[in-house]
Every structure is written in C-alpha cells, then in structure tokens.
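Below is the structure I would like to discuss, written out as structure tokens.
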Amino acid sequence: MSNVSPFIYAAMLFLCCSSCKQGGKEEDVVAPAEVVSDTSGEVMHGDHVHNVGRAIWQKPGLVIDKLGDLSQKTVADIGAGTGYFSYRLAKKAKKVIAIDIEQGMLDYIDSMSRYLVLGPNHGLETRLATATDPNLDNHEVDVILIINTVAYVPQLSQYLQTLKKGLKPNGTLMIIDYKMKRLPINAPPKTERIYLDKLEEMLIDGGYEIAETDDTSLDYQYIIQAKNVE
C-alpha cells in the first residue's frame, strides 16, 4: 500500500464502504478531499458533499455546543458510523472513543483520521462493540452520545443500564433521534423510530435523571440529555 496515494486509498475505501449499513441504518459515507462548511462556520475536511444537507438539519455545531466544555472530558460516540460526529468531537474533547458494531466503519474512521485536520494531539480512538454491549470500562467516559441509533438497539432498556456502568458519576448521556412525525428528509420509517416520551420513561426507569428534553432546536429530531445519578 506504500505506493498508493493516500487519497486514492481513501477513495477505494469510500467505494468499499458506500453500501455499508450500521445497526440497520444507512450511513452517509465520508469522501476524501472535500471541504464543507457546517452551520457553525467550522470547516471540516473529509465531509462528503452529500453531507451538506445533513449539516443544515442535523446542526452538529449546535449539538456539540449543548455538551458544554469538553476540553477535559472523554466522549463515547456510540453508533459512530463513518465518524460524522466523531471527527468534530475530536476537535473539542480530550478524548473521543468512536464505537461501532461494524469493523469496516471503524477501519474507515482510522484511515480518514490520519488525513483530517483534527490537531496534533487529538485523542480519537476506535472501538468495536456488539449490539448489546458498548464495550466501555466502568466509569470510563464523561459523555455518551448516541445519534440516530437507539431504535436499532435490541433490549434497549437493558442496554441503557449497561451504558450507565461506563458513564462517570454525574456524567451525561445525550440521545438524538428522529421525531415521530412525517419528515421531509430521507428518515427511517416510523417502525424504526422511538417515541420521545417512551425513551424518557426508559431512562428514568434505568436510574437516570432527565436534565433536558429539547424537541425544538432541531427540525426533525429531538434531543434528550440525562445524568448518571448514583
């Protein structure tokens, strides 16, 4: 591979990953050599032009700002896919663990992270998990972020309790998923979404304290932040 241009290699990997699915959901694949400004004004190298539309409605800058100062925190991005949020988090957090159940997705993140402008000391790490186990050590992370993924998790109530073990005391779990209404984007069908109030009940039953429920900041999704109270 030493004789292959990094961008040619990344393009080959792009073609290999373009049909990948993560947890039953289609994932936008990041192509090399693209430069796109998201709605926060931040320039990210590596975003495929197809993701421009997503940046408008997903508002990654707003989402990350809601997590507050991450400079001394470890963040787990569960269901990381091709790293849409992981790359952005790596520019803000002390450490980011990109977690996925597909090794091909993690290989892609590892490959692309060498060419993206993340800073010299970025702490972006990839980790393979299973559908029922996020593979986190006890009290390993300050923040867990799950976006467009919870509806695909089997035995979600039990999974949320497993997540709690990996979250530090008073740590934050943020979940973002699609609203249960007709949406003018290529969103999953309603059978692959979960009602906001049902998710709130699961979190409370799992021993979390709801810190914020926000169904207005994003046009097509809701945001829940819950705390690990012990």
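Could you please report the charge total around MET180, scoring K, R as +1 and D, E as -1 over all other residues with beta-carbon less than 12 angstrom from its beta-carbon? Don't jump to the answer; show the numbers that get you there.
Working: positive: LYS179, LYS181, ARG182, LYS190, ARG193, LYS198; negative: ASP177, GLU192, ASP197, ASP215.
Charge balance near MET180 sits at +2.
Could you sort out which of LYS95/LYS179; LYS95/LYS198; LYS66/LYS92 sit more than 22 Å apart by Cα distance in this structure? Please report the intermediate quantities before stating the final value.
Details: LYS95/LYS179 30 Å; LYS95/LYS198 31 Å; LYS66/LYS92 12 Å.
Violating the 22 Å Cα-Cα cut-off are LYS95/LYS179; LYS95/LYS198.
Pulled fully out, how much extra length does the chain show between LYS190 and SER71, if you take 0.36 nm times their separation in residues and subtract their Cα-Cα distance? The partial results should precede the final answer.
Details: separation 119, 0.36 × 119 = 42.84 nm, distance 3.66 nm.
The span from LYS190 to SER71 would gain 39.2 nm if fully extended.
Within a Cβ distance under 11 Å of LYS164, other residues only, what is the Lys/Arg minus Asp/Glu net charge? Before the final figure, lay out the partial values.
Working: positive: LYS165, LYS168, LYS227; negative: GLU230.
Around LYS164, the surrounding residues sum to +2.
Moving on to the next point. When you count, for each residue, the other Cβ atoms within 10 Å and take the mean per peptide, how do 128-137, 75-84, 168-177, 151-160 rank with the highest first? Let's see the in-between values first.
Numbers: 128-137: 14.5, 75-84: 28.5, 168-177: 20.2, 151-160: 16.2.
Going from most to least packed, we get 75-84, 168-177, 151-160, 128-137.
While we're on this one: With a 1.4 Å probe and all protein chains left in place, how much of the accessible area of the range 187-230 comes from carbon and sulfur atoms, in whole percent? List each step's numbers first, then the result.
Values: 1030 of 2290 Å².
Carbon-and-sulfur percentage of accessible area, whole number: 45.
Which whole-Hz couplings ³J(HN,Hα) result when phi for each residue of the range 218-229 is put into the Karplus expression 6.51 cos²θ - 1.76 cosθ + 1.60, θ = phi - 60°, listed in order with x for Gly and Pro?
The phi angles translate into 10, 5, 10, 9, 10, 10, 10, 10, 10, 9, 8, 9 Hz.
Just add up the charged neighbours of GLN72: K/R +1, D/E -1, any other residue whose Cβ is under 10 Å from the Cβ of GLN72. Write down the numbers at each step before the final one.
Working: positive: LYS73, LYS94, LYS95; negative: ASP69, ASP142.
Charge balance near GLN72 sits at +1.
The values are calculated or read from the model by the stated rules, or taken from the named source; none is laboratory data. Owing to the predicted nature of the structure, the values given are computational and were not obtained by experimental measurement. Please note: Cβ atoms are built from the backbone with ideal geometry, for glycine as well, and neighbour counts cover all protein chains shown. Ligands, DNA and RNA are stripped out before the accessible areas are found, and what is left, the full protein with its side chains, is counted by its heavy atoms. Shrake-Rupley method; radii C 1.70, N 1.55, O 1.52, S 1.80 Å.
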